[in-house]
1. Could you pull out the residue among GLU101, GLU67 that is closer than 19 Å to LEU36 by Cα and either within 11 Å of the chain's Cα centre (by Cα) or surrounded by fewer than 20 Cβ atoms within 10 Å (Cβ to Cβ) (or both)?
2. Quick check on my filter: what residues within region 105-138 are open to solvent by 20 Å² or more (accessible area, probe 1.4 Å) and either assigned to a strand (DSSP E or B) or closer than 14 Å to ILE159 by Cα (or both)?
3. Every residue in region 139-172 that is surrounded by 14 or more Cβ atoms within 10 Å (Cβ to Cβ) and not in a strand (DSSP E or B), please.
4. Name the single residue that is nearest to the chain's Cα centre (by Cα) among those in region 88-98 being within 11 Å of PRO126 (Cβ to Cβ) and buried (at least 18 other Cβ atoms within 10 Å of the Cβ).
5. Test each condition in (1) at pLDDT 95 or above; (2) surrounded by fewer than 18 Cβ atoms within 10 Å (Cβ to Cβ); (3) over 15 Å from the mean Cα position of the chain (by Cα); (4) under 30 Å from ALA21 (Cα atoms) for PRO175 and report the one that comes out false.
6. Residues to consider are ILE79, ILE19, ILE57, ILE51; find the one that is β-branched (Val, Ile, Thr) and surrounded by fewer than 21 Cβ atoms within 10 Å (Cβ to Cβ).
Amino acid sequence: MTFRQKYRLFKKEVIRPWILAFPSRRFRMRYLKRALGKIGNGASVLRHVKILEAKNIFLGDRVVINENVLLDGRGILEIENDTDIATNVSIWTMEHDPNSETHESRTGKVHIGHHVWIASHATILPGVTIGDGAVVASGAVVTKDVPPKAIVAGVPARIIGERKNTLQYHLDHQPIFR
């Protein structure tokens, strides 16, 4: 392994987690503006978020990413405006092909629409589109596309209801030390 490869690995495995755990929101956001593919105005990324391949992650305006979220950018990950992602959510864009003789990886773009609420401990798998205004319940595993304003829950996630509001709100969650 060359020195350059070791340095990149050190930045990815040591420096980035340290920055993303630092208790200064401004410090983290300054770093993320350079690292991510896009980060919109008023977006908030709280402490201890794990990011894989930051350049392929695109966050809209006023997106809230809470603590201990995993954002996988090995494929493409797009999150639109005013979306709230609760603690301990995992959003994956890469997985292994279970039918591969050599355990090969495959990627799939994940697109999350505007005004989506993903509750704690949910898992979003590669290739999924979550429609505008949808709600993903706590602990749900989303394996298929979710229609706009649908409320899904379970493993695998199934539609259990429909959101009836007009989605006019704007998120503003920017805690100082979280």
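1. Criteria check complete, one pass: GLU67.
2. SER105, ARG106, THR107, HIS111, TRP117, THR123, THR129, ALA137, SER138
3. GLY139, ALA140, THR143, PRO147, PRO148, LYS149, ALA157, ARG163, LEU167, LEU171 - these are the residues of region 139-172 that are surrounded by 14 or more Cβ atoms within 10 Å (Cβ to Cβ) and not in a strand (DSSP E or B).
4. ILE91
5. In the conditions (1) at pLDDT 95 or above; (2) surrounded by fewer than 18 Cβ atoms within 10 Å (Cβ to Cβ); (3) over 15 Å from the mean Cα position of the chain (by Cα); (4) under 30 Å from ALA21 (Cα atoms), PRO175 misses (1) alone.
6. Being β-branched (Val, Ile, Thr) and surrounded by fewer than 21 Cβ atoms within 10 Å (Cβ to Cβ) holds for just one of ILE79, ILE19, ILE57, ILE51, which is ILE19.
The values are calculated or read from the model by the stated rules, or taken from the named source; none is laboratory data. Quick caveat, the model's predicted, so the values are computed rather than measured. A quick note on method: Cβ atoms are made from the backbone with ideal geometry, for glycine too, and the neighbour counts reach across all protein chains shown. Just the protein is used for accessible areas: all its heavy atoms, side chains included, with ligands, DNA and RNA removed. Shrake-Rupley method; radii C 1.70, N 1.55, O 1.52, S 1.80 Å.
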